[in-house]
Amino acid sequence: MKLIVGLGNPGNEYENTRHNVGFYYLDVFLSKLNLSYKEKFNGLYIKTKIDGNDVIFLKPQTYMNLSGESVIKFVNYFKIKSEDILVIHDDLDLQLGRIKLKENGSSGGHNGIKNIILHLNSENFKRLKIGISKNNNLDTKDYVLGKFTKNEQEIILENEEKVLHILQDFFKLSFNDLMSKYNRR
């Protein structure tokens, strides 16, 4: 079983914020499948089959900094291996709109990832990092919780197709092949 986690904060006030790109791209992908979320373990989830793989799509509703609390409940209940997890999240260190796949590693200062690592007791899960750039003129918290500008939103929209292809290929390719295909600049 695979677990695809989109990170974000619940609530209308956080829609279209930089920190919620994980929720955004998960919703875009799932809208193509015409499936509805259910609630369980402090998360909105969809369980389905894609290309013969059992998969759960999850949007933790615990707020970003406590994402691991929901993730670990799904992992334990459905007996999911950490290497079968893909987390979609924002990344301040990547240029706006740049997309990078990463096999494992530290949190890079991202509190949602840090909490998942804490609860899984492992850094061994995959990431789909979405660049949101940095703004050194703003406090980091204010920046990530801020809404995308019109120009930024256009870049996020332009990447929808690429993210859809990455998620479709996640079920077909080895992760090394996936990184080779999509991590090129």
**Request:** Within the range 86-95, identify whether any single residue is touching a residue at least 60 places away in the same chain (Cβ under 8 Å), of a type in the set (A, V, I, L, M, F, W, C) and closer than 19 Å to V144 by Cα, and answer yes or no.
**Result:** yes
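For the range 36-86, give me each residue that is part of a strand (DSSP E or B), of a type in the set (A, V, I, L, M) and either under 16 Å from the mean Cα position of the chain (by Cα) or at pLDDT 95 or above (or both).
Answer for the range 36-86, where residues must be part of a strand (DSSP E or B), of a type in the set (A, V, I, L, M) and either under 16 Å from the mean Cα position of the chain (by Cα) or at pLDDT 95 or above (or both): L44, I46, V55, I56, L58, I85, L86.
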**Complete:** Residues of the range 1-52 being closer than 17 Å to E158 by Cα, among the hydroxyl-bearing types (S, T, Y) and surrounded by fewer than 19 Cβ atoms within 10 Å (Cβ to Cβ), in sequence order, are S31
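Any residue in the range 63-79 that is polar (S, T, N, Q), within 22 Å of G131 (Cβ to Cβ) and surrounded by fewer than 19 Cβ atoms within 10 Å (Cβ to Cβ)?
Filtering the range 63-79 down to residues polar (S, T, N, Q) leaves 65, 67, 70, 76.
Subset that is within 22 Å of G131 (Cβ to Cβ): 65, 67.
From what is left, the residues that are surrounded by fewer than 19 Cβ atoms within 10 Å (Cβ to Cβ) are 65.
Yes, some residue in the range 63-79 is polar (S, T, N, Q), within 22 Å of G131 (Cβ to Cβ) and surrounded by fewer than 19 Cβ atoms within 10 Å (Cβ to Cβ).
Working only within the range 16-35, note down all residues that are of a type in the set (D, E, K, R) and modelled with pLDDT of 90 or more. Outline the logic, then answer.
Filtering the range 16-35 down to residues of a type in the set (D, E, K, R) leaves 18, 27, 32.
Hits for the range 16-35 are R18, D27.
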**Message:** For the list (1) assigned to a loop (DSSP other than H, G, I, E, B); (2) touching a Ser or Thr at 6+ places or on another chain (Cβ under 8 Å); (3) not charged (D, E, K, R), I need the number of the one condition that I117 fails.
**Reply:** (1)
**Asked** Give me the pairs: first residue in the range 159-180 and among the charged types (D, E, K, R), second residue exposed (fewer than 15 other Cβ atoms within 10 Å of the Cβ) and not in a helix (DSSP H, G or I), beta-carbon distance under 7 Å, and six or more apart or on different chains, which are they?
**Response** K172/D51
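For the subset of the range 129-162 comprising residues that are aliphatic (A, V, I, L, M) and over 16 Å from Q95 (Cα atoms), which member is modelled with the lowest pLDDT? Reasoning before the result, please.
Going residue by residue through the range 129-162, those that are aliphatic (A, V, I, L, M) are 130, 132, 138, 144-145, 155-157.
Still in the running and over 16 Å from Q95 (Cα atoms): 138, 145.
On the way: L138: 77, L145: 87.
Step by step, filter the range 129-162, then rank; the result is L138.
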**Message:** So D93 ticks every box in (1) touching a strand residue (DSSP E or B) at 6+ places or on another chain (Cβ under 7 Å); (2) assigned to a loop (DSSP other than H, G, I, E, B) but one. Which box is left unticked?
**Reply:** (1)
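Here are some residues: K100, K141. Which one is under 16 Å from L7 (Cα atoms) and assigned to a helix (DSSP H, G or I)?
Numbers: K100 fails: assigned to a helix (DSSP H, G or I).
Being under 16 Å from L7 (Cα atoms) and assigned to a helix (DSSP H, G or I) holds for just one of K100, K141, which is K141.
Tell me the residue from S82, S180 that is of a type in the set (G, A, S) and loosely packed, with under 14 Cβ neighbours inside 10 Å, please. Walk me through how you get there before you give the answer.
Working: S82 fails: loosely packed, with under 14 Cβ neighbours inside 10 Å.
Just one listed residue meets the conditions, S180.
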**Message:** Scan the range 103-119 and tell me whether some residue there is touching a helix residue (DSSP H, G or I) at 6+ places or on another chain (Cβ under 6 Å), surrounded by fewer than 18 Cβ atoms within 10 Å (Cβ to Cβ), of a type in the set (A, V, I, L, M, F, W, C) and in contact (Cβ under 8 Å) with a residue 12 or more places away in the chain.
**Reply:** yes
**In the range 1-35, residue farthest from the chain's Cα centre (by Cα) [restricted to those that are part of a strand (DSSP E or B) and closer than 12 Å to D90 by Cβ]** = T17
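Check the range 38-57 and report whether any residue there is of a type in the set (F, W, Y) and closer than 20 Å to S174 by Cα. Please lay out each step first, then the result.
First pass over the range 38-57, keeping only residues of a type in the set (F, W, Y): 41, 45, 57.
Checking the rest, the ones that are also closer than 20 Å to S174 by Cα come to 57.
Within the range 38-57, one or more residues are of a type in the set (F, W, Y) and closer than 20 Å to S174 by Cα.
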**Request:** Spot the failing condition for L96; the list is (1) under 21 Å from I132 (Cβ atoms); (2) modelled with pLDDT of 95 or more; (3) not charged (D, E, K, R), and only one is missed.
**Result:** (2)
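The values are calculated or read from the model by the stated rules, or taken from the named source; none is laboratory data. Predicted, not measured: the structure shown is a model, and the values here were computed from it. So basically every Cβ, Gly included, is an ideal-geometry build from the backbone, and we count neighbours across all protein chains shown.
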